[in-house]
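Some notes on the structure that comes next.
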Amino acid sequence: MASTAAVPFWRSAGMTYITYSNICANLVRNCLKEPYKSEAISREKVHFSVTKWADGKPQKPTIRSDSPED
Amino acid sequence: MFRQVAHRLLSRSTTNHSACAASTIRRPYSTEVSADASSGDSAFVEAWKKVAPNIDPPKTPIQFMEPRPPTPSTLPSKLTVNFVLPYAAELSKAQVDMVIVPATTGQMGILPGHVPTIAELKPGLLSVHEGNDVKKYFISSGFAFVHSNSYADILAAEAIPLDRIDPAQVQKGLSEFTQKLNSASTDLDKAEAQVGVDVHSALNSALTG
């Protein structure tokens, strides 16, 4: 059952489909005209905090954010 | 462990020939399962009535679900399209004549009665034809599912009507990424630059074509 489907260029370069899709979506959003562009960019802003755990204890959380810290 | 998986995968395709029934039970396709579960599981309802005849049996989740629209026996005249984005439903159960989607294998036209298909989409033009109107959108990437009951689900990460595209940005992006492609060193950089070139040239041809 060897799969013979041709691998797309981005997968052979190590990119996953989600990364590819997000890059395409960001590029398309950049090419929008003005009022729509700022709406789209503000819609896609994310703000989250990631906490890694080791030995059952949380380590220091890192905050990833697109909005300016105030 | 992996030998078992391979054996099961192989035996799935040769349904009735093998002797051991357990590994070849074929699960029904979703279009074959009867859609109407609104009366609930009859065995459960009977058992409930024996124990608590005066109380209505509780509803199970499947009774709250709308059944899948059945596959009509004659060819339907219209295609029902659900065109959705992560943040909005652009078209929800819209009845149209034809949809042309930018699949990775080329522009694909979907008419009522199209064979069930799953198509991965590349950045390109999606056009929805209804009578004499054609609505065009530029899609960044996504998937199109066509079901046997002439329903088409089109999922895209980003879809913009053509009049919202800024041509100056497109040209700028195209030249920037072509330059990045020439100067890229690692495989990943080359792939990203190639993606940029693909998206911007698709935008370009959508604007001019």
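Name the single residue that is surrounded by the fewest Cβ atoms within 10 Å (Cβ to Cβ) among those in region B:48-73 being within 23 Å of the chain's Cα centre (by Cα) and free of Cβ contacts under 8 Å to residues at least 12 places away in the same chain.
Of the residues in region B:48-73, the ones within 23 Å of the chain's Cα centre (by Cα) are B:62, B:65-73.
From what is left, the residues that are free of Cβ contacts under 8 Å to residues at least 12 places away in the same chain are B:66, B:73.
Details: B:E66: 7, B:S73: 5.
So, considering only residues that are within 23 Å of the chain's Cα centre (by Cα) and free of Cβ contacts under 8 Å to residues at least 12 places away in the same chain, the one surrounded by the fewest Cβ atoms within 10 Å (Cβ to Cβ) is B:S73.
Test B:S127 against the stated conditions and say whether it is within 28 Å of B:H114 (Cα to Cα), within 14 Å of chain A (Cβ to nearest Cβ) and of a type in the set (S, T, Y). No; evaluated as a whole, the condition is false for this residue.
Scanning region B:182-204 for residues being among the aliphatic types (A, V, I, L, M), modelled with pLDDT of 90 or more and open to solvent by 40 Å² or more (accessible area, probe 1.4 Å) gives a total of 0.
Condition check: more than 7 Å from chain B (Cβ to nearest Cβ), polar (S, T, N, Q) and outside any loop (DSSP other than H, G, I, E, B). Does A:S42 satisfy that?
Values: more than 7 Å from chain B (Cβ to nearest Cβ): yes; polar (S, T, N, Q): yes; outside any loop (DSSP other than H, G, I, E, B): yes.
It is true that A:S42 is more than 7 Å from chain B (Cβ to nearest Cβ), polar (S, T, N, Q) and outside any loop (DSSP other than H, G, I, E, B).
Just one of the listed residues (B:A202, B:A206, B:A152) is within 21 Å of B:A119 (Cα to Cα) and not in a helix (DSSP H, G or I), and it is B:A152. Only one of the listed residues (B:F44, B:F83) is at pLDDT 85 or above, touching a strand residue (DSSP E or B) at 6+ places or on another chain (Cβ under 8 Å) and on the phi < 0 side of the Ramachandran plot. That residue is B:F83.
Condition check ((1) facing chain A (nearest Cβ under 8 Å); (2) in contact with a Pro (Cβ under 6 Å, 6 or more places away or on another chain)) across all residues:
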site	(1), (2)
B:L121	no, yes
B:K136	no, no
B:G173	yes, no
B:S185	no, no
B:L188	yes, no
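So which residues in region B:149-181 are in contact with an Asp or Glu (Cβ under 8 Å, 6 or more places away or on another chain) and surrounded by fewer than 18 Cβ atoms within 10 Å (Cβ to Cβ)? Selection gives B:K180 alone. Looking at B:V128, B:V96, B:V146, just one residue is β-branched (V, I, T), surrounded by 17 or more Cβ atoms within 10 Å (Cβ to Cβ) and under 15 Å from the mean Cα position of the chain (by Cα), and that residue is B:V146. Every test in (1) surrounded by 10 or more Cβ atoms within 10 Å (Cβ to Cβ); (2) out of contact with any helix residue (DSSP H, G or I) (no Cβ under 8 Å at 6 or more places or on another chain); (3) within 14 Å of chain B (Cβ to nearest Cβ); (4) at pLDDT below 90 is passed by A:A25 save one, and that test is (4).
Pull up region B:24-41, narrow it to residues that are farther than 26 Å from B:I110 by Cβ and surrounded by 13 or more Cβ atoms within 10 Å (Cβ to Cβ), then point me to the one that is modelled with the lowest pLDDT. Across region B:24-41, the extreme among qualifying residues is B:A37.
Looking at this structure, is B:V115 in contact (Cβ under 8 Å) with a residue 24 or more places away in the chain and surrounded by 22 or more Cβ atoms within 10 Å (Cβ to Cβ)? Lay out the reasoning, then the answer.
Numbers: in contact (Cβ under 8 Å) with a residue 24 or more places away in the chain: yes; surrounded by 22 or more Cβ atoms within 10 Å (Cβ to Cβ): no.
Here the answer is no, as B:V115 does not meet what is asked.
The values are calculated or read from the model by the stated rules, or taken from the named source; none is laboratory data. It should be emphasised that the depicted structure is a prediction, and the values quoted were computed from it without experimental measurement. Cβ atoms come from the backbone with ideal geometry, glycine included; neighbour counts cover every protein chain shown. Note: accessible area is taken over every heavy atom of the protein model, side chains too, but ligands, DNA and RNA are not part of it. Shrake-Rupley method; radii C 1.70, N 1.55, O 1.52, S 1.80 Å.
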